[in-house]
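Report on the structure given below.
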Amino acid sequence: MYRTHTCGELRIDDVNQDVTLSGWIQTIRNLGGMTFITLRDRYGLTQLVFDENTSDKLKTEITKLGREFVIKVIGKVIERSSKNPKMSTGDIEIIAHDLLVLNKSEIPPFTIEDETDGGDELRMKYRYLDLRRNPVRKSLELRHKMGQEIRKFLDKKDFMEIETPYLIKSTPEGARDFIVPSRMNPGEFYALPQSPQTFKQLLMVAGFDKYFQIVKCFRDEDLRADRQPEFTQIDCEMSFVDQEDILNTFESLAKYLFKEIKDISINEEFPRITYDDAMKLYGSDKPDIRFEMKFTEITEQAQGKDFKVFDSVEYIAGICAKGCAEYSRKKLDALTAFVQKPQVGAKGLVYVKYNADGSFKSSVDKFFSQDDLKVWANAMNAEPGDLLLVLAGNIDKTRSALNDLRLEMGDRLGLRSKDKFAPCWVLDFPLLEWNEDEKRFFAKHHPFTSPKTEDLNLFDTDPGKIRANAYDFVINGVEIGGGSIRIFDAELQHKMFAALGISKEEAEEKFGFLLDAFKFGAPPHGGIAFGFDRWCSVFGGSESIRDYIAFPKNNSGRDVMIDSPSVVETKQLEELMLKLKEQ
Ligand code: ASP
C-alpha cells in the first residue's frame, strides 16, 4: 500500500496514528541529527521528521534524498511543538521510521513552490513541473469546479450535452481557419471548427430543443494574453426562444456560478446597456462598469473658441477623475505619454484642473476662459477637486483612446479591484460592420444572426444601421460570452448573405447544408457561447487565460513542451499529396 492518507489530510485529532504517506519532496532541511522534509501531493503538504538515530539504514537513506524525489514514508503522527498556521496540516508532523524511494528526480529547473524562480518559457517547457505548483493547480481546480457546476445547472434545465465534429468545413466566425488535409480525399481539406455554430443550429432543426457542449474551438488569430489558438467554449442553443428567454436563462447560470464558485449572491438583475450607449459612455462594447467615470461629449461646447485642434475635429469628449485636481506636472505628463502610445493612438491630452477654490487651471487656458471651462465642468458633473481629461479627433479612434485612458485612471485610482465583480449585458449590436479596406459589409457577429424586425426595411436603404438580436455578456470589461437569435428562414438568410456580398452560389457552396435544413421546418432558435477559459480567469482574478489551461501555447502559437508545430516526414506529405514550397 502506498498511502493511508494524503499529504493534506492529517490533523491534530490524528495524533498517535501510524500512517503511510507518499508524495514528492518539496524541501529538505537538516538540523543537527534531525532532517525535516515537506512532502507534497495534490492535496497539500505534510512535514516529515527523520531522526538519524532511528537506524543506520535510515541515516544513510536520507542523505541520498533530493528535491522532487518520490518517496513513501511510514511513521507516527505527533503534535508539532512549533505549529504552522499557514499549513492545513501545520499542527502535526510525522516522525518517520521507514523510508522507501519510489523514484529519483533530477534537480528541477526551477523551484516548485508558490513563488518560483522560473521564467515563463522555462515553466512552459516543463509545464508538468509547473503544474505541481499550488497556484497553478488551484487554477485548474477552479476550472474543474466551474465545468462541473455548469453541467449540473444546464442538465437540471434540460439541456443535452451533444458532441459535434472537429473535422468540418469552414465556419463563419470571421477568423482564419486551421485546415487539415484529407489523405482519403487528396487535394481536399477539413477545417477545424471556430465554433460549433452551424451544428448547434442543425441540432435545433433536429428538434433537440436545448443543447450545450463544453467544447474546443480553433481560430488561427494573432495571440494575446486572453487568446489561444485552441480555446474552450460553453456553447449553448435553445429552440422556441426570444432574446429575453436567452438572457434570463443564462443570467441565472451566471448567478448560479457566482454563488457556487465565488460565494457571491447577486439578487438584482444584471444591468443591460445598448451597444450605442456602451460606445457613447465607455467607448467600448465591453464596458468595465466597476466604476463610473463615464464619457461626456463636449464637441458643441468646446468648438468655436479659435482652438484649431478642437475646431477641426469630429468629436471631443472627456472623463472626470474624482479628486485628482492636485495631479502634479509629472503625473499629467505620464498620462499624456500614455495616450500617445501607438496602441492608444491619441495625438495629445487636454487637462482641466477644477481647483478646490472653484477656479480652473488647464492646458488650454490660452483659448478657454474660466467660464468656458465651467461649462465643461458642469457638463461632466465635476466638483472642485476634480480633474477633467479631454481627448479630441475622429469619433471611433477618440472613443477607443478615451476608453484606454478611463481604464488606466481606473487602475491608478484603485477602482478595478479583482475582488469586485460587475457583470452586464450589452444589447442591440449592429448587424453589419463596414470594412473600409474591402469596401464591403461583414457580419458583426456571424451571418446567421437575425436583424431586429423593426429594422428589416433598412436592408435596402441603410444596412449599416440595422440592429441585430445579438447580445454579449461582459464581466469587469471582459467579454465573457456572446450570441444571438438566429435567422431561421431561408429567404431572410439569403438576404443577409446578399448584404454581405456573398453570392447565391457561394452561399450554396459554403452553407448549402444549413439552407437546405431550413427548408424542412426549422424552429425559431437562438443561443450563446461563453469563453470558458476567460470566465475561469476572471473568477480566478488573472489577466491571462493561460493560467487556466493545463497545456497552453505561447504567443507564437507554439507548445514549447512538446515542441509543436514541427516538420513532418516527407512520406506523410506524400500520402497527403502535399508539396512544400521552397522558402
Ligand atoms: N458561435 C458564436 C461564437 O462563437 C456564439 C453564438 O452565436 O452562439 O461567438
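Read-outs throughout are calculated quantities, based only on the coordinates presented, and are distinct from any laboratory measurement. This one's a predicted model, so the numbers in the text were calculated from it and none came from an experiment. For neighbour counting, all protein chains shown are included, and Cβ atoms are generated from backbone atoms with ideal geometry for every residue, glycine included.
Please give me, ordered by residue number, the trypsin sites (Lys or Arg not before Pro) of the stretch 412-441 that lie in loop per DSSP and have at most 14 other Cβ atoms within 10 Å.
Lys418, Lys420, Lys439
Where Lys and Arg each count +1 and Asp and Glu each count -1, what net charge lies around Ile78 among other residues with Cβ under 14 Å from its Cβ?
-3
Using a simple spin-label model with points 7 Å from Cα along the Cα→Cβ vector, what separation in nm is obtained for Asp158 and Arg329?
7.1
In what sequence, highest mean first, do 552-558, 365-371 appear when ranked by Cβ atoms within 10 angstrom?
Ranking the peptides 552-558, 365-371 by packing returns 552-558, 365-371.
How big is the gap, in Å, between the Cα center of the stretch 6-54 and the Cα center of the stretch 469-490?
52
Based on DSSP H runs of at least 4 residues, each adding -39500 (n - 2.57), what is the mean residue ellipticity at 222 nm of the chain after dividing by all its residues, to the nearest 500 deg cm²/dmol?
Result for the chain: -8500 deg cm²/dmol, rounded to the nearest 500.
Take the alpha-carbon centre of the stretch 520-583, take the same for the stretch 294-318, and report the distance between them in whole Å.
45
If you add up the charges near Phe442, with Lys and Arg at +1 and Asp and Glu at -1, over every other residue whose beta carbon is less than 12 angstrom from its beta carbon, what do you get?
Cβ neighbours under 12 Å give a net charge of -2.
Can you give the FRET efficiency to the nearest 0.05 for Ser503 and Asn457, using r as the Cβ-Cβ distance and R₀ = 22 Å?
For R0 = 22 Å, the calculated efficiency reads 0.40.
Which shape class, rounded, prolate or oblate, goes with the chain when its Cα gyration tensor gives a ≥ b ≥ c as root eigenvalues, a/c under 1.5 marks rounded, and past that a/b bigger than b/c marks prolate?
oblate
Given a Förster radius of 22 Å and the C-beta distance between Asn555 and Leu122 as r, what FRET efficiency does 1/(1 + (r/R0)^6) yield to the nearest 0.05?
0.90
Starting from the 7 Å offset along Cα-to-Cβ, what nm value, one decimal, do you get for the label separation of Ser369 and His144?
7.1
Going by average Cβ neighbours within 10 Å, how do the peptides 447-454, 531-538 rank, with the highest at the top?
Listed from highest to lowest mean packing, they are 531-538, 447-454.
Once you charge only the Cβ atoms, +1 for Lys and Arg and -1 for Asp and Glu, what is the size of the charge dipole of the chain about its Cα centre, to the nearest 20 debye?
I would put it at about 1480 debye.
Do any GluC sites (Glu not before Pro) in the stretch 145-213 lie in a DSSP loop with no more than 15 other beta carbon atoms within 10 Å, and if so, which?
Here the sparse-neighbourhood loop sites are Glu163, Glu188.
Where in the stretch 139-176 does the amide nitrogen come within less than 20 Å of the point 7 Å from the Cα of Phe520, taken along Cα to Cβ?
162-165, 168-169
Output the peptides 298-307, 112-121, 400-409 sorted from most to least packed, where packing is the average of other Cβ atoms within 10 Å over each peptide's residues.
400-409, 298-307, 112-121
Please label the shape of the stretch 432-473 as rounded, prolate or oblate, based on the square roots a ≥ b ≥ c of the eigenvalues of the alpha-carbon gyration tensor (a/c under 1.5 means rounded; beyond that, a/b larger than b/c means prolate, else oblate).
Cα axes put the stretch 432-473 in the oblate bin.
Would you mind classifying the stretch 367-441 by shape? Square roots of the alpha carbon gyration tensor eigenvalues, ordered a ≥ b ≥ c; an a/c under 1.5 is rounded, otherwise it is prolate if a/b is larger than b/c and oblate if not.
Oblate is the answer for the stretch 367-441, as a/c is 1.5 or above yet b/c matches or exceeds a/b.
Suppose each label sits 7 Å from its Cα in the direction of the beta carbon; what would the Lys76-Asp18 distance come out to in nanometres?
A separation of 1.1 nm, rounded to one decimal place.
For the stretch 533-581, state which GluC sites (Glu not before Pro) are in a DSSP loop and have at most 11 other beta carbons lying within 10 Å of their beta carbon.
Taking the stretch 533-581 and a limit of 11 other Cβ atoms within 10 Å, the loop GluC sites (Glu not before Pro) found are Glu569.
How much net charge surrounds Thr171 when only other residues with a Cβ under 10 Å from its Cβ are counted (Lys, Arg +1; Asp, Glu -1)?
That works out to +1.
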